[in-house]
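To start, the structure itself, in structure tokens.
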Amino acid sequence: MSANQLARQIHDMKRGDHACLIYDNYKDQLEAVLPFVKAGLERNESCLYISNDLSLSDISSIFDANGINVQREIDNGALIFSSNSSDGRFVPQKLVESLRSMAMEAESRGFQGFRATGEMTWVLGSDCGCDKLIEYEVMLNEYFPSNITGICQYNSKRFNPATIRDILRTHPVVIVKDKVCRNLYCENQRILQDEGERDCGIHWMMENLIRFHTMEESLRNTISARDDFLSIASHELNTPLSTLLMRSQLYSRKDSDSVEWKRLNESNLRTIHQLIGIVDGMLDVTRMSKGVLRLSLEKKVDLEQLVRSVVSQVSGHAEIQVSSEKPVVGEWDPYRLRQVISNLLSNAIKYGEGNSIEVVVSDDGDNTCLTVEDHGLGIAPKDQRRIFQLYERAVPFTNISGLGIGLYISDQIVNAHGGNISVQSELGHGATFRVTLPKTPQANVPVSHGHVH
């Protein structure tokens, strides 16, 4: 996830959020703090920064360099800098009262809210102790819900693991690495302060278990409802599309001397076939997510012939070279393999930047190999596993269109045959997709013989 995406998550934090930032380097610290302060200033909130490791002049310079006019914001009271160097005394109640007073002052001056963030390393030089620190954070939880938004900054290299664990217990929101997380481990205040009945912690744990189970069940139901919708929508769309396809095919058989008429009809047919492919893909996704993929195996399926058949349909979009040293025949589902070949070629055309594409079919005895190589954008190493997951894409939708289902479907089909699919790539140097299939059936799903699609 990029710094911009983290900034958007921090920008979406709600009034009253009490977060802890766990960081171990200067870069991670600033990538969270800067957007937090900027969001406050944009919303006409008064913003407090409490420094310790960084000097006030350092913070001022950093803010200025990142688009915050520090002097102007200080002059109008929107930005407040404070250095909380410990004098050996730590009184939680006093600190919380100070924040409350500043929030009330901001409100009286017409600001829409108050937010604060501080480097918590100042407590290391005090008589704090973990108990006082927990008391302070719990008191903040009691005060935060309607009055203030804040981030407590904890350097994981300065605080010991036991303290970090306790800090996680006290914050409803945690910022760690590049994510803003609602904290599953934030405990009930009575537990933290050892108040109430001894079994309070047990009740809290059981309530959380029920709550998490309910959320999980709700998510499963939502996914199931989505899949049902896609299935119904696919079936509903198939009927009018099939009608349009038949009409266009009938019109194409009519005698006509009009070149324009033929061109328009061919364009209509291509569009209809494209729409049918999208609808079929949606339907396949719903089947595969429910484990309903079935193979219809046929003997003596010629893989090179399948490849050339698919290439003949898309060859107008790019130069595609197909090579095979000898006939490669196996017992596979030809309809499903056509989908795999079509998806791989479609990807190569989309991301190949108009360069040539090489397709190689080979045979090593027991297994068959199909490789599709393009010379386009390439795929970053961190994305090479992710792109085979459902709805995942290597580039944003705004750059190149697509639903992010083609490689997922291909992976499912290849795995169902007992094979595997992989990619080798570097950014800017194209990508090579490799499909390996056993020549004899090793299907991982129900099979039938003969065409039933």
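One residue alone among Leu54, Leu99 is open to solvent by 10 Å² or more (accessible area, probe 1.4 Å), more than 31 Å from the chain's Cα centre (by Cα) and within 21 Å of Ile134 (Cα to Cα), and that residue is Leu99. Being touching a residue at least 60 places away in the same chain (Cβ under 8 Å), open to solvent by 30 Å² or more (accessible area, probe 1.4 Å) and within 20 Å of Arg294 (Cα to Cα) is the requirement here; does Tyr351 meet it? Considered against the rule, which asks whether it is touching a residue at least 60 places away in the same chain (Cβ under 8 Å), open to solvent by 30 Å² or more (accessible area, probe 1.4 Å) and within 20 Å of Arg294 (Cα to Cα), Tyr351 comes out as no. Scanning segment 36-51 for residues that are surrounded by 20 or more Cβ atoms within 10 Å (Cβ to Cβ) and either of a type in the set (Lys, Arg) or farther than 15 Å from Ala78 by Cα (or both) yields a count of 1. Looking across Ile202, Ile210, Ile164, one residue alone is open to solvent by 90 Å² or more (accessible area, probe 1.4 Å), over 30 Å from Gln112 (Cα atoms) and at pLDDT 70 or above. It is Ile210. Within segment 364-376, the set of residues being out of contact with any strand residue (DSSP E or B) (no Cβ under 7 Å at 6 or more places or on another chain) and at pLDDT below 90 comprises Asp364, Gly365. Pairs meeting the criteria (first residue in segment 293-319 and farther than 22 Å from Ile357 by Cβ and modelled with pLDDT under 85, second residue of a type outside the set (Val, Ile, Thr) and open to solvent by 80 Å² or more (accessible area, probe 1.4 Å), beta carbons under 6 Å, at least 6 apart or on different chains) are Leu293/Arg287; Ser296/His451. There is at least one residue in segment 49-72 that is in a strand (DSSP E or B), farther than 23 Å from Arg169 by Cα and at pLDDT 95 or above.
Restricting segment 1-35 to residues that are more than 21 Å from the chain's Cα centre (by Cα) and among the hydroxyl-bearing types (Ser, Thr, Tyr) leaves a set whose member that is surrounded by the most Cβ atoms within 10 Å (Cβ to Cβ) is Tyr23.
Would a scan of segment 79-92 turn up a residue that is part of a helix (DSSP H, G or I), without any contact (Cβ under 8 Å) to a residue 24 or more places away in the chain and surrounded by fewer than 14 Cβ atoms within 10 Å (Cβ to Cβ)? No: zero hits. Do we find that Val301 is under 23 Å from Gly430 (Cβ atoms), outside any loop (DSSP other than H, G, I, E, B), over 33 Å from the mean Cα position of the chain (by Cα) and not small (Gly, Ala, Ser) in this structure? In short, no.
The values are calculated or read from the model by the stated rules, or taken from the named source; none is laboratory data. Computed from a prediction, not measured in an experiment: that's the story for all the values here. Heads up, the Cβs are rebuilt from the backbone with ideal geometry, glycines too, and the neighbour counts pull from every protein chain shown. For accessibility, only protein heavy atoms count, side chains too; no ligands or nucleic acids. Shrake-Rupley method; radii C 1.70, N 1.55, O 1.52, S 1.80 Å.
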